[in-house]
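Written below as structure tokens is the structure these notes are about.
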Amino acid sequence: MLKVDEKYVAQAQAVPRRSWWPVAGTILFILCAAAFPYFAKAIGDPSLIGLAARIAIYAIAAASLNLILGYGGMISFGHAAYFGMGGYVVGILYNHFASGDPFLGFIPGTNQLLITLPAAIIVSGLLALVLGALSLRTSGVPFIMITLAFAQMLFFLFVSLKAYGGDDGLIVRRRNVLFDLNMADDTTFFYVAVGIAVVYFFVFAKLVRSQFGLILGGIRQNERRMAAIGISTYRYKLVAFVIAGMGAGLAGALMANYSKFVSPDMLHWTKSGDLMIMIIIGGTGTLIGPALGAVVLVGLETFLTSWTEHWKFFLGPVLILIVLFSTGGLMSLFSGWGGKRE
Amino acid sequence: MTLALEQLLNGVQFGIMLFLLAAGLTLIFGIMNVINLAHGSLYMIGAYGAALVAARTGSFVLAILAGLAAAGIAGLLIEFLVIRKLYNRDHLQQVLATFGLILFINEGATILFGRTPLFVSMPPFLSGSVEIIPGIPYPTYRIAIMIVGLLVAGGLYLLVNKTRIGMLVRAGSTHREMVRALGVDIRLLYTIVFGLGALLAGLAGLMAGPLLAVQVGMGEQILILTFVVVVIGGLGSIRGAFYGALIVGITDTMLRAFLPSVFKTFMAASEADALGAGVSSMGIYLVMALVLLIRPQGLFHAQG
């Protein structure tokens, strides 16, 4: 008789039962986000709007990593590669749009957000397909090392691409165009970024509760058992890896637009570390955890850098303490809200 | 031809340096099942310790002792305060906690020593060059590094394969519970292995000082190369670390030395330099990808 993980079956069966919390929470969040720019201007600190846009972008990036790291149990230490790739797609397409000569001789440049975003998602997804197909041949610690190494490889590639700025990066003079919106205005850009983030998290929630998401969770808990019941675990892991890469590409493309600048720093391995920190602060394998982690980390960075440039001197020990003594991150404070992992 | 031989030797020397780091990393993983990102920080601490003492006292011997002591003490502190609590945790927690250590140590070093790199002068009796083959001079210092590295590699081989501690290390890496059940103080063994790894990293760091600039961030640069070495060689295998390190060292050095001139045959010189540098820094990762395709467990996967 096969021993069945009772808790897991219960979770799988409990999915259709809806509680009103997520709906109410989403509505409340959208209302707060809509009011936020007015609030920021009212307290006389409009720079908060840009900060919030950055948080929304990092929330997407961290959530995308969380799909493989938290839900799938694949500890990728190279997620910045896809983030940076998304950024460079925007930067390179804009660069060719500005200069007029097509990329590789046949792909015309563009500054249309509706084209650059999907392009960034596709390119990052393809990159994740190649690197993931190789990296997923191993697991455990070698997987961590390999994902880190491949990301570093890409970092060096962009450092050496003098045609696209090399070390100095690439300036995107104007943000991409979306319909007739005034994207140069931070408030408009904030609404666009938050809107995309809300849609992203909505799709993400559907995904992790789908059969695919459940199988992914099963692979995290016991890969051998999933293989034994006839699931091709490699394929599921690879698909998850690609979806995660696409999410990071989306976030990177938005970030390039927000900061009007891309540089190899976006692919630096510490950026991958930052995304992991956001997840562990918020709670691994939770829906909203990465977003909360992004709020905390970006917020801390902004406020502590005004106080000392050596803020990472304090972040390091705090991170160690969080790892050693906490269980489940901030999301464990709100059980119920999709905060439970198992 | 002379140049090729010289670069080959440089590659071997770089490989031996990488081996010192990779051996510690792979030993620590093999026996404790811990991934230690802060291994590169120990390398940096060794380099700083030696560089500062060398600048103050001018004594080469004192500098070596200081570098080793700094790395060793830092290693024991790290083991005692952080790593010891991570033995039974999952790899994600190990990665994040040791990443926290990197942030702390790097920022700490920046606060203490600033961002400007330190340059260390070579000890006078090693600063000349020797003719390895008549007509081909080669820096003595690099030869010294190779000799020290090979001695350490040999000593490590003897230690692991011929001594009682080595026996426990080998037993601990395959049958941890059994070793514990037989009454061996596994904690002490862990501390010894971690300290040994820290000393090796510190040794690599202090020897690298006169060749490279001693600066914050030098540890992570070489840490990632060390990961490549360990993945190519097979995690947990010291023999694999040795051959992996030589492969990475030679490949990297040769590509850096010769790829730009290959590109120059069909490109403008400045672009060829940049692209050559970029592609050659990608070279070892492509080797790693190749190894993954053929043998996902690495070339010398440790059994068990």
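Every listed requirement among (1) modelled with pLDDT under 90; (2) within 12 Å of chain B (Cβ to nearest Cβ) is met by A:H96 save one, (2).
Within the option set A:L216, A:L131, being assigned to a helix (DSSP H, G or I), modelled with pLDDT of 85 or more, among the aliphatic types (A, V, I, L, M) and closer than 24 Å to B:I284 by Cα holds for one residue only, A:L131. When the residues of region B:108-140 are filtered to those that are assigned to a helix (DSSP H, G or I) and within 14 Å of another protein chain (Cβ to nearest Cβ), the one that is surrounded by the most Cβ atoms within 10 Å (Cβ to Cβ) is B:A109. Residues that are more than 9 Å from chain A (Cβ to nearest Cβ), assigned to a helix (DSSP H, G or I) and touching a helix residue (DSSP H, G or I) at 6+ places or on another chain (Cβ under 7 Å) within region B:78-107 comprise B:I78, B:E79, B:I83, listed in sequence order. Scanning region B:60-77 turns up one or more residues that are surrounded by 24 or more Cβ atoms within 10 Å (Cβ to Cβ) and closer than 22 Å to A:L324 by Cβ. All of B:A277, B:A241, B:A272 fail the test of being more than 10 Å from every other protein chain (Cβ to nearest Cβ), part of a helix (DSSP H, G or I) and in contact with a Pro (Cβ under 9 Å, 6 or more places away or on another chain), apart from B:A272.
Restricting to region B:1-56, name every residue that is outside any helix (DSSP H, G or I) and free of Cβ contacts under 8 Å to residues at least 24 places away in the same chain.
First, pick out the residues of region B:1-56 that are outside any helix (DSSP H, G or I): B:1, B:33-38.
If the condition is that a residue be outside any helix (DSSP H, G or I) and free of Cβ contacts under 8 Å to residues at least 24 places away in the same chain, then B:M1 is the only one that fits.
Give all pairs with beta carbons closer than 7 Å in which a residue from region A:312-323 that is more than 7 Å from chain B (Cβ to nearest Cβ) meets a residue that is surrounded by 22 or more Cβ atoms within 10 Å (Cβ to Cβ) and part of a helix (DSSP H, G or I); count only pairs at least 6 apart in sequence or on separate chains. Partner pairs satisfying both residue conditions: A:I322/A:I280; A:I322/A:I281.
For region B:83-106, a residue qualifies if it is farther than 30 Å from B:R142 by Cα and in contact (Cβ under 8 Å) with a residue 40 or more places away in the chain, and the qualifying residues are B:I83, B:R84, B:L86, B:Y87, B:H91, B:Q94, B:V95, B:T98, B:F99, B:L101.
Among residues that are charged (D, E, K, R), part of a helix (DSSP H, G or I) and in contact with a Lys or Arg (Cβ under 9 Å, 6 or more places away or on another chain), B:R256 is not included.
So that you can scan it fast, the table gives a plain yes or no per residue for (1) more than 8 Å from chain B (Cβ to nearest Cβ); (2) surrounded by fewer than 17 Cβ atoms within 10 Å (Cβ to Cβ); (3) over 30 Å from A:V23 (Cβ atoms); (4) among the charged types (D, E, K, R):
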position	(1), (2), (3), (4)
A:T138	no, no, yes, no
A:I146	no, no, yes, no
A:A151	yes, no, yes, no
A:L170	yes, no, yes, no
A:R174	yes, yes, yes, yes
A:D186	yes, no, no, yes
A:F190	yes, no, no, no
A:I196	yes, no, no, no
A:V208	yes, no, no, no
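Restricted to region B:234-274, and to residues there that are aromatic (F, W, Y) and modelled with pLDDT under 90, the residue that is surrounded by the fewest Cβ atoms within 10 Å (Cβ to Cβ) is B:F266.
Just to be sure, is B:L200 buried (at least 24 other Cβ atoms within 10 Å of the Cβ) and not acidic (D, E)? So B:L200 passes the test. Only one of A:L48, A:L69 is modelled with pLDDT under 85 and either under 18 Å from A:F189 (Cβ atoms) or crowded, with 22+ Cβ neighbours inside 10 Å (or both). Can you tell me which? Going through A:L48, A:L69 in turn, just one is modelled with pLDDT under 85 and either under 18 Å from A:F189 (Cβ atoms) or crowded, with 22+ Cβ neighbours inside 10 Å (or both): A:L48.
The values are calculated or read from the model by the stated rules, or taken from the named source; none is laboratory data. Keep in mind the model is a prediction, meaning the values are calculated, not measured. For neighbour counting, all protein chains shown are included, and Cβ atoms are generated from backbone atoms with ideal geometry for every residue, glycine included.
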